[in-house]
1. May I ask you to sort Ser245, Ser159, Ser40, Ser73 by Cβ crowding, counting other Cβ atoms within 10 Å and putting the fewest first?
2. Sort Met208, Met86 so that the residue with the fewest other Cβ atoms within 10 Å of its own Cβ comes first and the one with the most comes last.
3. Can you compute 3J(HN,Hα) from phi for each residue in region 120-133, using the Karplus curve 6.51 cos²θ - 1.76 cosθ + 1.60 with θ = phi - 60°, rounded to whole Hz and x for Gly and Pro?
4. Tell me, what ³J(HN,Hα) does each residue in region 47-54 have, in order and in whole Hz, if you take phi through Karplus 6.51 cos²θ - 1.76 cosθ + 1.60 with θ = phi - 60° and put x for Gly and Pro?
5. Got a sec? How would Trp247, Trp92, Trp30, Trp222 order by Cβ neighbour count within 10 Å, fewest to most?
Amino acid sequence: MSVVDSPRPAGNAAFNLLIGTIQRIPPVVWFEWRRAFTISRLAWMLSLMAFPPGLLFLVNMAARNEPRVEVVSILIFILCACVVCMMSVFLWATPVLSSELEGRSWVYLAVRPYGPIAVLIGKYLVAVSWAVPVGLVSATLSVFVFNAEDRGHLIAVHSGLVLLSCLAYSALFLLIGVIAPKKCMVAGIIYTIIFEVAFALIPAAVNMLTVQYRLRCLLIRWMDFDKALAERNPVFLSYFGDESSAWHVGVLLGMTAGYLIVAGIILRCREFTAAIETES
């Protein structure tokens, strides 16, 4: 066999794909950032940012006594790491493919050598970069609503939870948007209600597959909650275990990488159509 006829090593093709994709991600991020930087989007993100501290301020004003640090931490976690982060990335990451199909731009991206994966990763980074500051500012302002003793520790804990929440949920909703591009918003809402809300509260093996379970375990460990909390409230019992914080962080990052890899495989292997439906 001559040198001309020798097959190209598979490793070189994978390496070229990786390098080509990385080179095209920054232009995608820059373009999506410029396109998303509108007054309406800024107003929506600012509203999300102000919602938890505003609500907690009203709760604190109505309360007769200053709530315990456990209660404060749980409230901030629910409103910031869960509601704010989840809603922020939901609106950004879920329509990652449907927006391109509706805008008739997918056909041009699909024929580019590294277009689909670059758009996928680029939009993921845009969703994370928009949602993380909103969650961090919201959590910080929420901590200062209460007269907590160790505000620095509370801010550090909830900042870490916000970051992990944005990373994981962005990848999760992006995968949902790739699997069901035509019904991505409906599918995302259904998944959130069934799995991240209902199943996450079930003390069984199924709740370990949710992002919420890992975040709640990290909250309990980083805040060093006493196990007496589970005795008073059995719903917290399943979040006390022998696993370390590093284990739960690793699982969350592994889930994030897995969601992105599966979304990329689907994007490369599946055919998407942007044909306009005509009335018969």
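1. Ser40, Ser245, Ser159, Ser73
2. Met208, Met86
3. 4, 5, x, 5, 4, 5, 5, 4, 5, 5, 7, 7, 4, x
4. Per residue, the Karplus-derived 3J(HN,Hα) values read 5, 5, 5, 8, 5, x, x, x Hz.
5. Values: Trp247 15, Trp92 25, Trp30 12, Trp222 18.
If I rank by nearby Cβ atoms, fewest first, I get Trp30, Trp247, Trp222, Trp92.
Throughout, read-outs are computed from the coordinates displayed, never taken from laboratory work. A quick note: this is a predicted structure, and the numbers were derived from the prediction, not measured. Cβ coordinates were reconstructed from backbone atoms using ideal geometry, including for glycine residues, and neighbour counts include every protein chain displayed.
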